[in-house]
Amino acid sequence: MKIYACDLETTGLDFTTDSIICLGYYSPKSFGVLTDKTQIKQWLLDNQDSFLIWQNGKFDQKFIKKEFDLWVRNDFDTLLAASLLPEKPKSRALESLAAFYLGEPPWKEAALKQDIDTIKDYCQKDCQITYKLFEIEANILQTAGQAQFFNAYLMPLSTLLAQIEYSGISINTSKLDWLLLDNQNPTNLLKQISDLESHLYQIYYPIISEYELKKLETYKKPPCQKTIDTKIKFNFNSPDQKLWLLKNQLGFPCKDYKGKETVGKEVISEYLGDHPIIAELLSLSKLTTQYEYLSSYKTLSRQGKLHTTFNLDVTRTGRLSSKEPNLQNVDKEKSIRSIFCAEPGKKLVIGDLSQIEARLAAHFSEDPLLISTFTEGIDFYSVLACALLGLTEDPKTLKVENPDARNFGKLVGLSLLYGIGNIKLINEIKINTGKKFSYREVEQFKTSFFNRFGGLRSLRKQAYAGALQNGYVQTLFGRKVFLDTKEAEHVAVNRIIQPSASDLCAFSQFWVLQEAYNQGFKAEPLLLVHDEAIYQVEEKDAEGFAVLLKTVMEHGYKKYTDIQLKVPLGCDVVIGEDWSCKN
């Protein structure tokens, strides 16, 4: 088999609007750069059976698909390979990898500002460096015991994500405008923000007027020598101005656990109930964040679709993140999720792995009570909430009848499992539930939790000991997450369970698509969000595909892997016209 490192130079970063300038390819015996589009396509067709190496290959795959309607191979991605290695630079950019592994000095400037010959030289150099990195990284992956995981799972996932990015997900732009600023909507975000700012300004003007006058004076001093005709209006979203107001005028310390002054949500939430302005500032911050996110959807949409970019190499745990726009943290409010919709004549089918982190905790810990909870089909977080809060309600119905209590159980259970400190947990509970518990009460939660589920205490000890001995922990699919000694005690369990959950959801989609193909369903994967997979199918196929999705996400690993879980998996599946059906 022929082996080539390849690279594209493009007119920009957006495959929907930009285009290919040239394609470079390199092997020790054959290399070149092609600028003619016909020649580029022919080279790609001639090398459909070659082993192709890329740096961030998803980017190149999408451009090639758009211009030539080809899905090219991505057999080895040097950017992704680096993310699995024990020692790596913080940045996985090609020049950073080259400097770290090859000792190469920087060679690139702003290529698009150069003439075509310079661009071609850059492209050829990129290919040559990518090939050298491949030789080094492939060897390290093998030595580190990560080659199997990389080849069998990570590289196929990269191509699947490229296809999802290329397809995009439809959004209802009319509904988006209605939420943002439509005057026909009395609760549009822009109006809510404006009304709340006006309220704050009116109520706290006696305090903030002093700040505005001081600001005016600073503008009049040299070297500005400017005369200000209009007042400087206080900005309640400005971190500096909020700190001045809360600390200097209202007496709140505004310090995090390290002693750093901040007005972050986790800090000022400690003061909820102490002064009404805290809740108002938090509400303003949430509204502003929602507005900014939704505005980015409007800016980044292309012909009614959003094409996010998934990152497989950014988070420490290996969980997916995404950018431009970030669709991993879409607000769960029904009005916002209803923006994401199916195309006419089609339905969204959404599968969500239920309590997957807790189920995997049961698997890894082998805790008998935790295992029996899941084998009997009882909701773990509801059981935990009843135990911690002393509730007499039936755990089997708590999720429906008292969802706030169930959410409390989930928050506390996962926080304790992952080793969060008492003070931070107190703040997390207050931020997310509005409930305030003392240090002693939270310590009692911890004692009760680990006494009840002793296997989880043992798991924490074993994970920590293994991390100290090996320098890493290993996940369900064999991914090694390398840890520093200092962080191991606090994050070892988290680094086992979270990436295992993320990988299980992501890799399940290989099997879903294979089974869909076998059964004649045309299913389009639109989005992966943590433990959730969103598909689009023809309306007539929705019910049948929903059954397939649930079955494969719960049982597919038994057919396609050698993994043997000690607890059953659960997958909640819903069908709807938009994402809000999940609510």
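The peptide list 92-103, 295-306, put in order of mean Cβ contacts within 10 Å with the highest first, becomes 92-103, 295-306.
Express the relative contact order of the chain as a whole percentage, based on alpha carbon pairs under 8 Å and six or more residues apart in sequence.
Numbers: 843 pairs, mean separation 79.2, N = 583.
Across the chain, relative contact order equals 14 percent.
By the helix-only formula, in which each DSSP H run with n ≥ 4 contributes -39500 (n - 2.57) and the sum is divided by residues, the chain has a 222 nm mean residue ellipticity of -16000 deg cm²/dmol.
For the peptides 179-188, 270-279, the ranking by mean Cβ contacts within 10 Å, running from highest to lowest, is 270-279, 179-188.
Full extension of the chain between I423 and K305 yields a length gain of 38.2 nm, computed as 0.36 nm times the residue separation minus the alpha carbon distance.
Once you have the Cα-Cα distance between D49 and L102, take 0.36 nm times their residue separation minus that, and quote the gain in nm to one decimal. Show your work: numbers first, answer last.
Working: separation 53, 0.36 × 53 = 19.08 nm, distance 2.87 nm.
So the chain would gain 16.2 nm between D49 and L102.
A Förster radius of 41 Å combined with the Cβ-Cβ distance from K2 to L272 puts the calculated FRET efficiency at roughly 0.05. Couplings 3J(HN,Hα) of the range 20-27, computed from phi: 7, 8, 7, 10, x, 9, 8, 9 Hz, in residue order, whole Hz [Karplus 6.51 cos²θ - 1.76 cosθ + 1.60, θ = phi - 60°; x for Gly and Pro]. Extending 7 Å from Cα along the Cβ direction at V400 and again at L369 yields two label points whose distance is 2.7 nm. Among 249-259, 345-355, the peptide with the highest mean count of other Cβ atoms within 10 Å heads the list, and the full ranking is 345-355, 249-259.
Full extension of the chain between D331 and K255 gives 24.6 nm of extra length, using 0.36 nm per residue less the Cα-Cα distance.
Around the amide H of S338, modelled in the peptide plane, lie the amide H atoms of S580, all under 5 Å away and 5 or more residues distant in sequence or on another chain. Given a cut-off of 30 Å, name the pairs among K37/K108; K175/K430; K58/K265 whose C-alpha atoms lie farther apart than that in the structure shown. Pairs exceeding 30 Å: K175/K430; K58/K265.
Between the range 511-533 and the range 260-306, the alpha-carbon centres lie 34 Å apart. Karplus-based coupling profile of the range 360-368, in residue order and whole Hz: 5, 4, 5, 4, 6, 7, 6, 5, x, with θ = phi - 60° in 6.51 cos²θ - 1.76 cosθ + 1.60 and x standing for Gly or Pro.
Counting pairs of alpha carbon atoms under 8 Å apart in space and at least six apart in sequence, what relative contact order in percent does the range 304-416 give?
Details: 86 pairs, mean separation 15.3, N = 113.
Dividing the mean separation by the residue count of the range 304-416 yields 14 percent.
Of T433, T375, T485, how do they rank once you tally other Cβ atoms within 10 Å and put the fewest first? The partial results should precede the final answer.
Details: T433 15, T375 12, T485 9.
Fewest to most other Cβ atoms nearby, the residues stand as T485, T375, T433.
In nm, to one decimal, how far is the N183 label point from the Y439 one, both placed 7 Å along Cα→Cβ? If labels sit at N183 and Y439, their model points lie 5.6 nm apart.
Between A465 and S30, the modelled label-to-label distance comes to 5.5 nm, taking each label 7 Å out from Cα in the direction of the beta carbon. With a/c under 1.5 counting as rounded, go ahead and sort the range 223-381 into rounded, prolate or oblate using the C-alpha gyration tensor (a ≥ b ≥ c being the square roots of the eigenvalues; past the cut-off, prolate if a/b is larger than b/c, else oblate). It is oblate, given that a/c is not under 1.5 and a/b is not larger than b/c.
Between N139 and D240, what FRET efficiency comes out of the Förster formula 1/(1 + (r/R0)^6) with R0 = 45 Å and r the beta carbon distance, rounded to 0.05? Working shown, then result.
On the way: r = 50 Å, r/R0 = 1.12.
Efficiency, from the Cβ-Cβ distance: 0.35.
Taking Rg/Rh (Cα atoms, Kirkwood Rh) straight from the coordinates, which label in [x] 1.01; [y] 1.04; [z] 0.99 is the correct one? Computing Rg/Rh (Cα atoms, Kirkwood Rh) and matching it to [x] 1.01; [y] 1.04; [z] 0.99 gives [z].
Values quoted throughout were computed directly from the atomic coordinates according to the rules given, and no laboratory measurement underlies them. On a predicted model such as this, the values are computed, not experimentally measured, just so you know. Backbone-built Cβ (ideal geometry, glycine too); neighbour counts: all protein chains shown.
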